[in-house]
Amino acid sequence: MNGNNGHPKRRRVVVTGLGAMSPNGVGIEEFWDATRRGRSGIDTITFFDPESLSCRIAGEVRNFKPEDYLTPRELKRVGRAVPLAIAATKEALRVAQVCLHEMSLEEKRSWGVVLGSGGGTPDFIEEQYRLYFSDQLRKVSAYNVSSSTLGTISSEVSLYFDFHGASHMISTGCTSSTDAIGYAFNMIRFGLADRLITGGVDATITPGIMQGFCIMQAVSTSHNENPSCGSRPFDRMRDGFVLGEGAWTLVLEERDHALARGAPVFAEVLGYGSTCDAYHRVRLDPSGEEPSRAMTIAIQDAGICKDEIGYLALHGTSTVLNDKTESLAVKLCFGQDAYQIPMSSLKSMIGHPQGASGAAGVVSAIFGMNDGFLPPTINYEDPDPECDLNYIPNRGIAKSVDYSLCNCIGFGSKNSALVIARGTLA
C-alpha cells in the first residue's frame, strides 16, 4: 500500500542518494559492511587526553581527513561538523548521479539544504573560549560569532556546492536529523521544493561536552578498558550511552523528477510524526505514551497499516530509562505484534551521535531493506526483563522487508518517527 496514492495533492518523495561518515566506516560501502557485520567503531578517545574523565571512550570517525574537503585556512574558520557534512553530502550527490559541474544557475537555485544537528560546532566554540580565557585575545577567530551558530553548517554546505535554494538547520536535540528529514519530506511533497540535501551531522566529542555528560551520569563508565563493549542497548548491564559523532545525508527528490533523469531510487519517504512529552528537560516520561503516539502518527501519515511495518530502527541509546521507555512505547504502538517485529539499535556499534542519530538509523534501514538483511544490536548478552522484544541480538538476519519505521527520542521530551519504503516499491 502506498500512503501518497490517496492524496493527489501530495507529491511522492524518494531517496536517490546516500552518504555516511561514521565511526564504523567512512563512506556508505564501509559503513554498511561494518554495520551488517556488527562491527563496533567505539574506542578510546584520541581527540584529547581523556584521562581525567570517568568515561574515556567514544565513537570517533577515525579515518576521516577534513583537509580533503577544505583548505587549512577554511578549516580554521569552522568546526569539525562542517567538513563531515560536506563529505557526506558530496558522497550522497555522487551516489545520486548528480553532475554538479553541468548545473546551470537555475538548477542550483532548485537545490536546497535541510540538515539536523544537536550540538553544532562545540569544538570550535570551546577553542575560542580557551583562547579568550587564557589571554590569547589576538588568536580569537574573526569567525567566532558566525561559526558558533548552528546555521553555519547548512550555510557552509550550500556555499561549498553553490546551492541557492533554502538552507536550513533543525536543532531539536537527539531528534534533530529525524525532524530535518521530516521537514524536507514535507517541503517536497507539498511543492515547496523539488530536491533537497537532508540528514544530520554532529561532532560533539569535546572536553566540555564529555565532562557535562559525565556530571549528568549519562554515559557509560564501566568499559573504559574494553571500549567496544561500552554501548549495549537493551542489555541488563547497560550503564549509559557512549558519545559518537558523524554525518549521514540523503538526497530527497520528487519522484517523477527523479525517474525522469534516470536517478537510482533507494527508498521512498512515506510518513512523519512528531510529539513532545512536555515532561522534563532531560528525562523521558516513563509512560512511553508520546513516543508511541509519534510512531502511530508516522504510520497513519504513510497510509499503511501497523502490521505492514517489517523493521524498526530504534533510538536505543543504552541508558536504563531510554531503552525501557522505548520498549514500552513500541508495545503501546504495536500491541502483541511488537514481539514479532525485528528491531535493532545502530548505537551499539557507533555510539550516540546526538542529533545525527536519526539519519544514521534511516540510512542503515534503507540499506537493510535493499540488501534483504537487517543489522544487529551488538553487546546484547544479558536480557533485561523490561526490554523483552526482538532486538536482533548480536548477529544480523536475512529478511525481506517492505516498510521500516525509524524512531528517535530526544532531550526536552521530544519524539519523532519516519516511515520509509523499500526502493523497488517507489
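Here are a few things to note about the model shown:
- Count of the range 356-391 residues, restricted to those that are in contact with a helix residue (DSSP H, G or I) (Cβ under 9 Å, 6 or more places away or on another chain) and not in a loop (DSSP other than H, G, I, E, B), is 20.
- Considering V113, V98, V26, V61, the condition of being within 25 Å of G212 (Cα to Cα) and at pLDDT 95 or above is satisfied by V61 alone.
- Some residue of the range 22-43 being under 19 Å from N226 (Cβ atoms), in the same structural domain as S117 (by TED's automatic domain parsing), surrounded by 15 or more Cβ atoms within 10 Å (Cβ to Cβ) and among the aliphatic types (A, V, I, L, M): yes
- Residue check, R77 of a type in the set (D, E, K, R) and surrounded by 15 or more Cβ atoms within 10 Å (Cβ to Cβ): yes
- Extreme residue, surrounded by the most Cβ atoms within 10 Å (Cβ to Cβ), among residues of the range 149-164 that are assigned to a helix (DSSP H, G or I) and touching a helix residue (DSSP H, G or I) at 6+ places or on another chain (Cβ under 9 Å): I153
- First in the range 91-102 and in contact (Cβ under 8 Å) with a residue 60 or more places away in the chain and charged (D, E, K, R), second anywhere and in a helix (DSSP H, G or I) and surrounded by 20 or more Cβ atoms within 10 Å (Cβ to Cβ), Cβ under 7 Å, 6 or more apart: E91/I28
- Among the residues of the range 165-196, the ones that are in contact with a helix residue (DSSP H, G or I) (Cβ under 7 Å, 6 or more places away or on another chain), more than 17 Å from C408 (Cα to Cα) and of a type in the set (S, T, N, Q) come to 1 in all.
- Selection of the range 117-140 for residues being of a type in the set (V, I, T) and not in a helix (DSSP H, G or I) yields T121, V140.
- Among the residues making up the range 104-148, those that are surrounded by 15 or more Cβ atoms within 10 Å (Cβ to Cβ), in contact (Cβ under 8 Å) with a residue 12 or more places away in the chain and under 30 Å from L259 (Cα atoms) are K108, S110, W111, G112, V113, V114, L115, G116.
- Just one residue in the set G191, G199 is on the phi > 0 side of the Ramachandran plot and crowded, with 23+ Cβ neighbours inside 10 Å; that residue is G199.
- The residues of the range 54-82 that are in a helix (DSSP H, G or I) and over 18 Å from S141 (Cα atoms), listed by number, are P66, E67, D68.
- Listed by first and then second residue, the pairs with beta-carbon distance under 8 Å, at least 6 apart or on different chains, first residue in the range 190-212 and touching a residue at least 60 places away in the same chain (Cβ under 8 Å) and closer than 21 Å to I153 by Cβ, second surrounded by 23 or more Cβ atoms within 10 Å (Cβ to Cβ) and of a type in the set (K, R), are A203/R80.
- Tally, over the range 368-379, of residues that are of a type outside the set (D, E, K, R), touching a residue at least 40 places away in the same chain (Cβ under 8 Å) and surrounded by fewer than 23 Cβ atoms within 10 Å (Cβ to Cβ): 2
- Of all residues in the range 265-300, those being modelled with pLDDT under 95, touching a strand residue (DSSP E or B) at 6+ places or on another chain (Cβ under 9 Å) and either under 20 Å from R10 (Cβ atoms) or not acidic (D, E) (or both) number 1.
Matching residues to (1) assigned to a loop (DSSP other than H, G, I, E, B); (2) among the aromatic types (F, W, Y); (3) within 22 Å of the chain's Cα centre (by Cα):
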site: I205; (1), (2), (3): yes, no, yes
site: Q211; (1), (2), (3): no, no, no
site: C214; (1), (2), (3): no, no, no
site: S228; (1), (2), (3): no, no, yes
site: G244; (1), (2), (3): no, no, yes
site: L270; (1), (2), (3): no, no, yes
site: V282; (1), (2), (3): yes, no, yes
site: T296; (1), (2), (3): no, no, yes
site: I299; (1), (2), (3): no, no, yes
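- Condition met for N370 (modelled with pLDDT of 95 or more, over 18 Å from L18 (Cα atoms) and not assigned by TED's automatic domain parsing to the domain that holds T249): no
- Boolean, T325 is touching a residue at least 24 places away in the same chain (Cβ under 8 Å), out of contact with any Ser or Thr (no Cβ under 6 Å at 6 or more places or on another chain), part of a loop (DSSP other than H, G, I, E, B) and over 23 Å from V15 (Cβ atoms): no
- Of the residues A180, A184, A203, the single one that is within 17 Å of A81 (Cβ to Cβ) and either charged (D, E, K, R) or in contact with a Ser or Thr (Cβ under 6 Å, 6 or more places away or on another chain) (or both) is A180.
The values are calculated or read from the model by the stated rules, or taken from the named source; none is laboratory data. Quick caveat, the model's predicted, so the values are computed rather than measured. Here Cβ is always computed from backbone atoms with ideal geometry, including for glycine, and neighbour counts include all displayed protein chains.
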